[in-house]
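The values are calculated or read from the model by the stated rules, or taken from the named source; none is laboratory data. What you see is a predicted model, and the numbers here were worked out from it, not measured in a lab. When we count neighbours, we look across all protein chains shown, and the Cβ atoms used for this are built from the backbone with ideal geometry, even at glycine. Just the protein is used for accessible areas: all its heavy atoms, side chains included, with ligands, DNA and RNA removed. Shrake-Rupley method; radii C 1.70, N 1.55, O 1.52, S 1.80 Å.
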Amino acid sequence: VQLQASGGGLVHTGGSLRLSCVASGHTSNTYVMGWFRQAPGKEREFVSIISGSGGSTTVADSVKGRFTVSRDRNTVYLQMNSLKPEDTAVYYCAARISRSELLLTIPERYRYWGQGTLVTVSS
């Protein structure tokens, strides 16, 4: 399966962005999808994950209350509000084949990755 992310850009502190990620290819399987991010000099970290059914979500403590993940079939979205400079990073969408509502947050457990989209929040 191929993942195509979009929606990054430059915003001021307190602004909003909406990221999208479209899955194409062998999408007949059920995929858990989500978002990770990597800031310069830091390791890739979990941001938010949503189950294949859309019924379960999890979000990192650092973005809780500000970011919301959702999906529409094979497209996953990340609504980012009240952005802070520390949210600056390359955001990657990821997917793994799973029917489970158990949402793994370790990047190494995700087989499929998009190309990343840069989010820059200026102070």
Taking the stretch 43-91 as the search range and keeping residues that are among the small types (Gly, Ala, Ser) and assigned to a strand (DSSP E or B), which one is most open to solvent (accessible area, probe 1.4 Å)? Ser70
If we scan the stretch 61-80, do we find a residue that is more than 22 Å from Val1 (Cα to Cα), out of contact with any Pro (no Cβ under 7 Å at 6 or more places or on another chain) and among the basic types (Lys, Arg)? yes
Pull up the stretch 103-113, narrow it to residues that are in contact (Cβ under 8 Å) with a residue 40 or more places away in the chain and open to solvent by 50 Å² or more (accessible area, probe 1.4 Å), then point me to the one that is nearest to Val1 (Cα to Cα). Trp113
Quick check on the stretch 8-21: of everything there that is farther than 16 Å from Val47 by Cα and open to solvent by less than 30 Å² (accessible area, probe 1.4 Å), which residue is nearest to the chain's Cα centre (by Cα)? Gly9
Out of the residues in the stretch 76-104 that are modelled with pLDDT of 95 or more and hydroxyl-bearing (Ser, Thr, Tyr), state the one that is nearest to Ser53 (Cα to Cα). Tyr77
Matching residues in the stretch 1-32 - criterion: being outside any loop (DSSP other than H, G, I, E, B) and among the aliphatic types (A, V, I, L, M): Leu3, Ala5, Leu10, Val11, Leu17, Leu19, Val22, Ala23, Val32
